[in-house]
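Since the structure comes first, as structure tokens, the remarks are kept for the end.
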């Protein structure tokens, strides 16, 4: 083997190991950040953190391929950042603590909840939900051509008030040739807002031709009879479509409810038909 090839192989293996390795449990002897020190101050949180590390390692081993493993790694980085933001808020603003709880107890509950999420699976299934969701999303999208606008733009955070629930919401884009069908879902002020958009790619950019909403901001996607009423002259939404490539699946997003609508939207050039 040529020396250059040997170096490249070692670098490749090092990169794979870095991607596969689980995030290590906090070493309390070296705790330096306010969040690490908070977790280390609570025995239950320290124990939960060690359990989380083991559960995360077990989850990675169940990933069927490198792409889903990379998704799990990125998802955990995203969760750690959200956890730290939430705990930093409670450290700086003790008045925001849920009634009857210390910041250490909140940390403990957040970590235990994450461990439970790693092991959660649909009834009768052995595949963890985080992996199963990603596999199903990939299988659904394989029916279509995909394209530069297809993918998931997720936003995840620990929800305020109780500081116990971690949730992810996403703009989800499905593409077939020059048709892009999108679901824009986000959380704000204690409520979830969801809109749907039908667009055609014109001059390299999606042009929205119809929109509806489940939050009464537009024509209703579903009335009392389950029928959609589309706005046929919608305002072009700002920042809905990303200029950069998006992840094609995200196990923390439940998108199965999109399938029937997205299939109809993508397969019929005349969609949506008249109200």
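The values are calculated or read from the model by the stated rules, or taken from the named source; none is laboratory data. If you're wondering where the values come from, they're calculated on a predicted model, not measured in any experiment. Every residue, glycine among them, receives a Cβ derived from its backbone with ideal geometry; neighbour counts consider all protein chains shown.
Out of (1) surrounded by 19 or more Cβ atoms within 10 Å (Cβ to Cβ); (2) out of contact with any strand residue (DSSP E or B) (no Cβ under 8 Å at 6 or more places or on another chain); (3) in contact (Cβ under 8 Å) with a residue 60 or more places away in the chain, what's the single condition that is false for residue 26? Unmet for residue 26, out of (1) surrounded by 19 or more Cβ atoms within 10 Å (Cβ to Cβ); (2) out of contact with any strand residue (DSSP E or B) (no Cβ under 8 Å at 6 or more places or on another chain); (3) in contact (Cβ under 8 Å) with a residue 60 or more places away in the chain: (3). When region 225-246 is filtered for residues that are modelled with pLDDT of 90 or more and surrounded by 10 or more Cβ atoms within 10 Å (Cβ to Cβ), the ones remaining, listed by number, are 230, 231, 232, 234, 236, 237, 240, 241, 242, 245, 246.
Looking at this structure, is residue 193 crowded, with 16+ Cβ neighbours inside 10 Å, under 30 Å from residue 73 (Cβ atoms), at pLDDT below 90 and outside the structural domain of residue 59 (by TED's automatic domain parsing)? For residue 193, the condition - crowded, with 16+ Cβ neighbours inside 10 Å, under 30 Å from residue 73 (Cβ atoms), at pLDDT below 90 and outside the structural domain of residue 59 (by TED's automatic domain parsing) - is met.
Results for (1) in contact with a helix residue (DSSP H, G or I) (Cβ under 9 Å, 6 or more places away or on another chain); (2) under 30 Å from residue 96 (Cα atoms), shown as yes or no for each residue.
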position: 111; (1), (2): yes, yes
position: 114; (1), (2): yes, yes
position: 118; (1), (2): yes, yes
position: 135; (1), (2): yes, no
position: 155; (1), (2): no, yes
position: 166; (1), (2): yes, yes
position: 173; (1), (2): no, no
position: 188; (1), (2): no, yes
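Taking first residues from region 161-173 that are closer than 16 Å to residue 188 by Cβ and partners that are outside any strand (DSSP E or B), the Cβ contacts under 6 Å between residues at least 6 apart in sequence or on separate chains come to 165/159; 167/159; 168/252; 168/253; 170/253. Against the list (1) at negative phi; (2) without any contact (Cβ under 8 Å) to a residue 60 or more places away in the chain; (3) in contact with a strand residue (DSSP E or B) (Cβ under 8 Å, 6 or more places away or on another chain); (4) not in a helix (DSSP H, G or I), the condition residue 156 fails is (2).
Restricting attention to region 245-269, the residues that are free of Cβ contacts under 8 Å to residues at least 60 places away in the same chain and either closer than 18 Å to residue 156 by Cβ or not in a loop (DSSP other than H, G, I, E, B) (or both) total 3.
Looking at 115, 171, which is the one that is assigned to a helix (DSSP H, G or I) and on the phi < 0 side of the Ramachandran plot? After applying the criteria, what remains is 115. Of everything listed in (1) touching a helix residue (DSSP H, G or I) at 6+ places or on another chain (Cβ under 8 Å); (2) more than 24 Å from residue 132 (Cβ to Cβ); (3) at pLDDT below 95, the single unmet condition for residue 255 is (2).
Residues that are modelled with pLDDT of 90 or more, closer than 19 Å to residue 113 by Cα and not assigned by TED's automatic domain parsing to the domain that holds residue 155 number at least 3 in the following helices (runs of 4 or more DSSP H) confined to region 1-103: 34-40, 43-61, 66-92. Considering region 121-146, and only residues there that are assigned to a loop (DSSP other than H, G, I, E, B) and surrounded by 17 or more Cβ atoms within 10 Å (Cβ to Cβ), the residue that is nearest to the chain's Cα centre (by Cα) turns out to be 128.
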